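The values are calculated or read from the model by the stated rules, or taken from the named source; none is laboratory data. Given the structure is predicted, the values throughout are model-derived calculations rather than measurements. Cβ atoms come from the backbone with ideal geometry, glycine included; neighbour counts cover every protein chain shown.
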Amino acid sequence: MSAIRGIYFMANDRVAEHAIALVNSIRAFDRSTPIAMIPYDDEHAEVSSLMRREYSIETFADTATLRWIDEELDRCFGGGFFRRPRNFRKQACWFGPFEEFLYLDADIVVFEPITSVLDALADADFVCCDDQHCGGLTHVFRESIRARFGDAELRGIFNGGLWGARRGAIGRAELTATWLECARHEEWFDFAHGGSDQPILNYLVLSRLPRRRNLFASGGAPRMWAGTPGLVWDGARLVDPAVGSAVRFLHWAGRPIGPGGPYWDVWRHFRELNSALPPTSLPAVAAPAVPAPGWARSAMGRLRRRLTG
């Protein structure tokens, strides 16, 4: 019997528009794969209701696991260590209902039946599909990580916005042990570019799941980041002329979504696929804010931990 596959994404009311576009794009190519929404925080009543009403998507039901993640993260790192600690709730995927799962950030749209990437789990325990490794260690690690990993392992770094694995491949004890180790070695991680969970998720996977596969690294794949110039939208697919092939998905990581933003026509195409919903009202985009330097946030986090106990 084949494994039950499913898709997780994370959202709250603030990113409901993004969630609509993501789900519309998934359902444009795949009508049957089950989808579950992980609540980013307690402000999710509206988007949860909308997802249930329009798409029959249920909210992740295991609130005890979400609470454990929140509390264990604070216990291991101390309150205030991360700018966006609730990003770690995507770790609930390891404990959810799907035997094989794909996690997607809400600021993604897909251009194919995207669970096909899970076919790689036939000979791997973890799969991703991005070119994060091509940019060096930035956004994930600092050079000091080489005290822990060699060059071959570091070529396995990935973007935390789209990845897949099997339920139970990581357990609670492994999460706790990994988080405690990371907390003892803050100098290994690059938080200077606004990242919260991505450096720690990379460390978890590189240290715990040796059988990994990056489909992008197979060669000839187009880029999938909305910060990439020159991708061509023909109203039905997005093509990367540099490699002459269609893009599998587009991720707006670190790039604004709205009129005037990159590939706005592509995102709006999928957002408006559900005619039962009113047109999007996202405002025109502004220049993204520059995050505080990593050293400053680290110092503030340590001060908050001392003040809170």
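Quick notes on this one:
- Identity of the residue in region 10-59, touching a Ser or Thr at 6+ places or on another chain (Cβ under 7 Å) and in a helix (DSSP H, G or I), that ends up nearest to HIS251 (Cα to Cα): GLU17
- Hey, ALA226 of a type in the set (Gly, Ala, Ser), within 19 Å of the chain's Cα centre (by Cα) and at pLDDT 95 or above or not: yes
- Qualifying positions in region 11-37 - small (Gly, Ala, Ser) and either at pLDDT below 95 or more than 11 Å from LEU273 (Cβ to Cβ) (or both): ALA11, ALA16, ALA19, SER32, ALA36
- Search result, residues across region 247-274 that are in contact with a helix residue (DSSP H, G or I) (Cβ under 6 Å, 6 or more places away or on another chain) and surrounded by fewer than 17 Cβ atoms within 10 Å (Cβ to Cβ): LEU273, ASN274
- Taking the numbered list (1) in contact with a helix residue (DSSP H, G or I) (Cβ under 9 Å, 6 or more places away or on another chain); (2) buried (at least 21 other Cβ atoms within 10 Å of the Cβ); (3) touching a residue at least 60 places away in the same chain (Cβ under 8 Å) in turn, LEU118 passes all entries but (1).
- Within region 231-281, tally of residues that are among the β-branched types (Val, Ile, Thr) and either more than 16 Å from VAL110 (Cβ to Cβ) or assigned to a strand (DSSP E or B) (or both): 4
- Filtered residues of region 183-219 (kept if part of a helix (DSSP H, G or I), surrounded by fewer than 19 Cβ atoms within 10 Å (Cβ to Cβ), touching a residue at least 60 places away in the same chain (Cβ under 8 Å) and touching a Phe, Trp or Tyr at 6+ places or on another chain (Cβ under 9 Å)): ALA183, GLU186
- Options PHE101, PHE88; residue that is in a helix (DSSP H, G or I), buried (at least 17 other Cβ atoms within 10 Å of the Cβ) and not basic (Lys, Arg): PHE88
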